[in-house]
1. Checking the conditions here, which among ARG355, ARG345, ARG330 is out of contact with any strand residue (DSSP E or B) (no Cβ under 9 Å at 6 or more places or on another chain), at pLDDT below 95, over 30 Å from ALA75 (Cβ atoms) and basic (Lys, Arg)?
2. May I ask you to list the residues in region 72-108 that are among the hydrophobic types (A, V, I, L, M, F, W, C) and not in a loop (DSSP other than H, G, I, E, B)?
3. Identify, please: which residue in region 73-91 is in contact with a Leu (Cβ under 7 Å, 6 or more places away or on another chain) and not aromatic (Phe, Trp, Tyr) and is, among those, farthest from GLY46 (Cα to Cα)?
4. Could you please let me know if ARG330 is open to solvent by less than 70 Å² (accessible area, probe 1.4 Å) and either of a type outside the set (S, T, N, Q) or assigned to a loop (DSSP other than H, G, I, E, B) (or both)?
5. Mind counting the residues in region 58-102 that are of a type in the set (D, E, K, R), at pLDDT 95 or above and surrounded by fewer than 20 Cβ atoms within 10 Å (Cβ to Cβ)?
6. From ARG384, ARG420, ARG398, ARG410, grab the single residue that is touching a residue at least 60 places away in the same chain (Cβ under 8 Å), over 20 Å from the mean Cα position of the chain (by Cα) and surrounded by fewer than 16 Cβ atoms within 10 Å (Cβ to Cβ).
7. Among GLN368, GLN351, GLN357, which is on the phi < 0 side of the Ramachandran plot, assigned to a helix (DSSP H, G or I) and over 16 Å from the mean Cα position of the chain (by Cα)?
8. Go through the residues of region 106-114 one by one and say whether even a single one is crowded, with 23+ Cβ neighbours inside 10 Å and either within 16 Å of the chain's Cα centre (by Cα) or of a type outside the set (Asp, Glu) (or both).
Amino acid sequence: MNIAFTKHTLANGLDVLLHEDHACPIVAVNLWYHVGSKNERPGHTGFAHLFEHLMFEGSQHHDKGYFQPLQGAGATLNGSTNADRTNYWEVVPTGALELALWMESDRMGFLLPALTQAKFSNQRDVVLNERRQNYENRPYGLAPMALLAALFPDAHPYHWTTIGEIADLEAAQLDEVRAFFRRYYHPANASIALAGDIDADSALSLVDHYFGEIDPGEQVDPVRAPAALDGDVRIQFEDRVELSRLYIAWLTPAMFADGDADLDLATDLLANGKTSRLYRRLVFDERLATDVSASQNSREIAGYAQITATAAPGHSLGEIERAIVEEIERLAAGGPTDEEIERGRVQAEAQFMYRLQTVGGFGGKSDQLNAYNVFLRDPSYFDRDLARYQVVTHASLREAVRRYLAPARRVTLSIVPHGRTALAAPDSRTAVVS
């Protein structure tokens, strides 16, 4: 798997990745800032996600909505924020490349002159409403907040969710938000990838023309924060739900670290798809649960694996917990079958190839080039990324499960209907979530 590209770094520190693909007359413009919620600090959370909103509200030389000019030129566009990075992308007809570069460069270099108190207050209210819709007023919506708060200590940068805490957002002042932007949203902390119908030399000249004179900004030091979990943290809370739900989570290796790929495959064979071990047992055979899923959530400085199951009527979360622990212990003792290993490898390869079918959007070639460049400083990591799954063995997967999915070091969260705390996993204490 080789994606041909060239890499250049402008004098101000902006990395530029160029990939030519003339199959369609379109170009993907993909810009990553190496800033996410982990760059925030306690009492001042939610800023990275807030800027995802603010950067669509206009900049000095285009002080109005960001979408209309690009959509009028036939583009699709979006952005997102997670714990480790913020990205913005456009997929434009070839003739609109210069428009996209101008608009991206203007909000990188000239956002603050257009950032008024009115815009700040308006978008803060939008974010608070998004938080209510996606977390507080959604069934089981507070689970991520409870899990992260239990997995990571108070001062750890993964302790809070990307959307931030209500009190922090309400207390935020325009001056400190401006300072956050100056600290992180500049060429020395960014990487731009262009993929599609371009001439590499001409595209590089355009990027240099629009971005080259922007002040580089200060170098951002990597965030380093070790995490450890001792014991089985058992928590529960009541919610407006009909069925109880169990979450079990463990601390795991960071993205691309040893064991990360093994746990990707392990969580898949445990609980993803109707042929998985836990689906067969919990949903099909014993009918203890209505659904079950699992994931290895890879992050830059630490990951976490999670298994989630919703109890079928008449069954408690304690029953489900016992079955999950037994299946994990069985996998740790006996390892996967040949069929499970092969199926996991094929699924990993298929998902990998699927992401690279497009030049732009979330997960396309431009997005993947930026991911490797930002997290590994090596945009050519495609082959080695896929190879991580091909070299997983029965022994290495078994060892990863034994080491990281240990029953003695986990967070066990029960969410139960109001007044039904007896359905929670045994020995759970009440969690305070907000």
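The values are calculated or read from the model by the stated rules, or taken from the named source; none is laboratory data. Keep in mind that what you see is a predicted model, and the values were worked out from it rather than measured. Note: ideal-geometry Cβ built from the backbone for every residue, glycine included; neighbour counts use all protein chains shown. Note: areas computed on protein heavy atoms with side chains; ligands, DNA, RNA excluded. Shrake-Rupley method; radii C 1.70, N 1.55, O 1.52, S 1.80 Å.
1. Matching residue, one of ARG355, ARG345, ARG330: ARG345.
2. Result: LEU77, TRP89, VAL91, VAL92, ALA96, LEU97, LEU99, ALA100, LEU101, TRP102, MET103, MET108.
3. Here is the first cut: in region 73-91, the ones in contact with a Leu (Cβ under 7 Å, 6 or more places away or on another chain) are 73, 77, 87-90.
Keeping just the survivors that are not aromatic (Phe, Trp, Tyr) gives 73, 77, 87, 90.
Working: ALA73: 32, LEU77: 22, ASN87: 16, GLU90: 24 Å.
Checking each candidate, the answer is ALA73.
4. Working: open to solvent by less than 70 Å² (accessible area, probe 1.4 Å): no; either of a type outside the set (S, T, N, Q) or assigned to a loop (DSSP other than H, G, I, E, B) (or both): yes.
Judged against the criteria, ARG330 is not a match.
5. Adding up the residues that qualify gives 2.
6. None of the other options fit; the residue is ARG420.
7. Working: GLN368 fails: over 16 Å from the mean Cα position of the chain (by Cα); GLN357 fails: assigned to a helix (DSSP H, G or I).
Every option except GLN351 fails the conditions.
8. Taking region 106-114 and keeping what is crowded, with 23+ Cβ neighbours inside 10 Å, we get 107-108.
Right, trim to either within 16 Å of the chain's Cα centre (by Cα) or of a type outside the set (Asp, Glu) (or both) and you get 107-108.
Yes, there is a match, as at least one residue in region 106-114 is crowded, with 23+ Cβ neighbours inside 10 Å and either within 16 Å of the chain's Cα centre (by Cα) or of a type outside the set (Asp, Glu) (or both).
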